[in-house]
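Take a look at the structure below.
The values are calculated or read from the model by the stated rules, or taken from the named source; none is laboratory data. No experiment lies behind these values; they were computed from the predicted model shown. Because the Cβ atoms are built from the backbone with ideal geometry, glycine has one as well, and the counts that use them run over all protein chains shown.
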Amino acid sequence: MIPRSLYDRCCREALTLVDRTGVVLTDAERAAIEAADFGLSDHRRQGLQLITLFATDRLSMRLLVLLPNQTEPEHRHPPITDGPTPNPGKEEHIRALYGDLRFYLPGEDTLREGFVPEGKEDVYTLRHEVILRPGDQLALPAGTPHWFQSGPAGAVFFSTSTTVHDGLDHFTDPAVVRETVIDETA
């Protein structure tokens, strides 16, 4: 659960970072920003701000924002087996716009710039570090486990992908709850 005051403050800070990129957002897009705390009640450390620019049944584009040193928990986008057509899961392409963006993927342990959130070593299992600077891109095939983190200035990036099914994402941390609950009294 995230207090309303923190939720609103994080969204405002995220929009300030977006403004630094030069990306122009409509008033409706600015108003649609969301903060995800993943049910961990630790939003400044493990969270994400996002704006869905468009989403169809085949394609999605989002603007994602990490506040300074913020981490999105380790997860993967699994295959979707129900329905008339098999779906291998979300394929995602990342394009960094602002700040230093650290992605962690399967492979050799090369973690140098980033860090595993304290006390979470057992649920952040990937240590192959890929650093993205503005203009850099990264392709994530469907089903690829990953987590990501910003540097001290925060990070802003585009995520262009096949259809988004956030509620089906598999997180390594069993404490993660995908739907953000806002405490309106705080």
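Cβ separations smaller than 7 Å between residues 6+ apart or across chains give the following pairs from region 14-34 residues that are under 15 Å from L97 (Cβ atoms) to residues that are of a type in the set (V, I, T) and part of a loop (DSSP other than H, G, I, E, B): A14/I33; L15/I33. Determine, yes or no, whether F158 is touching a Lys or Arg at 6+ places or on another chain (Cβ under 7 Å), in a strand (DSSP E or B) and on the phi < 0 side of the Ramachandran plot. Criteria met by F158.
Yes/no matrix, rows are residues, columns are (1) touching a residue at least 60 places away in the same chain (Cβ under 8 Å); (2) of a type outside the set (A, V, I, L, M, F, W, C):
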residue: L53; (1), (2): no, no
residue: R76; (1), (2): yes, yes
residue: I80; (1), (2): yes, no
residue: T110; (1), (2): no, yes
residue: F115; (1), (2): no, no
residue: Y124; (1), (2): no, yes
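L59: surrounded by 20 or more Cβ atoms within 10 Å (Cβ to Cβ), touching a Ser or Thr at 6+ places or on another chain (Cβ under 9 Å), more than 29 Å from E121 (Cβ to Cβ) and not charged (D, E, K, R), yes or no? No, not satisfied. What are the residues in region 9-30 that are of a type in the set (D, E) and surrounded by fewer than 14 Cβ atoms within 10 Å (Cβ to Cβ), if any? The answer is D27, and nothing else.
This table checks each residue for (1) modelled with pLDDT under 95; (2) over 24 Å from P134 (Cβ atoms); (3) of a type in the set (A, V, I, L, M).
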residue	(1), (2), (3)
A31	no, yes, yes
L48	no, no, yes
I51	no, no, yes
T56	yes, yes, no
P86	yes, yes, no
G99	no, no, no
P106	no, yes, no
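How many residues does region 120-143 hold that are of a type outside the set (D, E, K, R), at pLDDT 95 or above and part of a loop (DSSP other than H, G, I, E, B)? Result for region 120-143: 6.
Kindly indicate whether L40 is aliphatic (A, V, I, L, M), in a loop (DSSP other than H, G, I, E, B) and over 21 Å from S161 (Cα atoms). Spelling it out, L40 is indeed aliphatic (A, V, I, L, M), in a loop (DSSP other than H, G, I, E, B) and over 21 Å from S161 (Cα atoms).
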